[in-house]
Amino acid sequence: FKTLDISHLLELKKDGYKLNMLLCYCIAAAAENIKEFKLLPQGENMIAYDKIGINVIVKNRHGSINACDVPFCNDVKEFQKQYLSLTHQVYETCSDHEIDDHMIIGTSSLIHYDIDGAVNMYSGIFNNPFIIWGKYQRKDNTANLKLSFQFHHVQMDGMEACEFLEELQRRISQLTM
């Protein structure tokens, strides 16, 4: 569990950027150079990936949900284009969009709920790192977002997880458009 200061992202949101897109970009950017994020435990093996992506849950036009994998690229404007295009496609088609050749980081944005965190048990099917958050809280001039980060212990240890969370805060604080 970690509380992040997302005040800078809310400033960027005022310029018309979607907060969820900005968070997803920062998550993938923070994970990109941590080698453990490109490893996926599968039974007795570890599958190594060259590329990373992020999974977004999309409420489709019928009101149910679908999964949408978005490939990461360092150019935030290009990432935004793909994010908007792919999430719109999933919204319209009511079908999942999956990428098989990327290591995918799962996310779940529960922005209508005030939660301190959530924990999912690994099923043996979905062993990807997973991040979940609720709505952010404002206090004075700061906007704080509590998130939960879970990972398979075969994939990484606590040190790598903490390094990721620190890098995530740096990416959020220093993101430029």
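The values are calculated or read from the model by the stated rules, or taken from the named source; none is laboratory data. Not measured: the values here are computed from a predicted model. Cβ sites come from the backbone with ideal geometry, for glycine too, and all protein chains shown count toward neighbours. In case anyone asks, the SASA skips ligands and DNA or RNA and just uses the protein heavy atoms, side chains included. Shrake-Rupley method; radii C 1.70, N 1.55, O 1.52, S 1.80 Å.
Summing -39500 (n - 2.57) over the DSSP H runs of n ≥ 4 in the chain and dividing by its residue number, what mean residue ellipticity at 222 nm do you reach, to the nearest 500 deg cm²/dmol?
About -10000 deg cm²/dmol.
Starting from the Cα-Cα distance between Tyr91 and His62, subtract it from 0.36 nm times their residue separation and give me the gain in nm to one decimal.
Result for the pair: 9.6 nm of gain on full extension.
Could you tally the net charge around Ala30, taking each other residue with its Cβ under 11 Å from the Cβ of Ala30, Lys/Arg +1 and Asp/Glu -1?
-2
Counting heavy atoms of the protein chains only and a 1.4 Å probe, report the per residue accessible area for the range 57-136 as a whole number of Å².
58
Sequence gap at least 6, Cα distance under 8 Å: using those rules, report the relative contact order of the chain to the nearest whole percent.
31 percent.
If the elastic network links every pair of Cα atoms under 10 Å, which of Met46, Met103, Met159 fluctuates the most in the Gaussian network model of the chain?
Between Met46, Met103, Met159, it is Met159 that shows the largest mean-square fluctuation.
Tell me the label-point distance for the pair Asp50, Leu84, using the 7 Å Cα-to-Cβ offset, in nm and rounded to one decimal.
Each label point lies 7 Å from its Cα, and together they span 3.0 nm.
If I build a Gaussian network model for the chain, linking alpha-carbon pairs within less than 10 angstrom, which residue out of Glu163, Glu92, Glu44 has the largest mean-square fluctuation?
Checking each option, the largest mean-square fluctuation is seen for Glu44.
Among Asn55, Asn141, Asn45, which one shows the biggest mean-square fluctuation in a GNM of the chain, springs joining Cα atoms closer than 10 Å?
Ranking Asn55, Asn141, Asn45 by mean-square fluctuation puts Asn141 first.
Can you pull the one-decimal nm distance between simple spin-label points at Arg138 and Leu110, each 7 Å off the Cα toward Cβ?
2.4
Longest exposed-loop-site-free stretch of the chain, with trypsin sites (Lys or Arg not before Pro), DSSP loop and at most 11 other Cβ within 10 Å?
62-177
Could you list the chymotrypsin sites (Phe, Trp or Tyr not before Pro) in the range 1-69 that lie in coil according to DSSP, counting only those with at most 12 other Cβ atoms within 10 Å of their Cβ?
Sites meeting the loop and neighbour criteria: Phe1.
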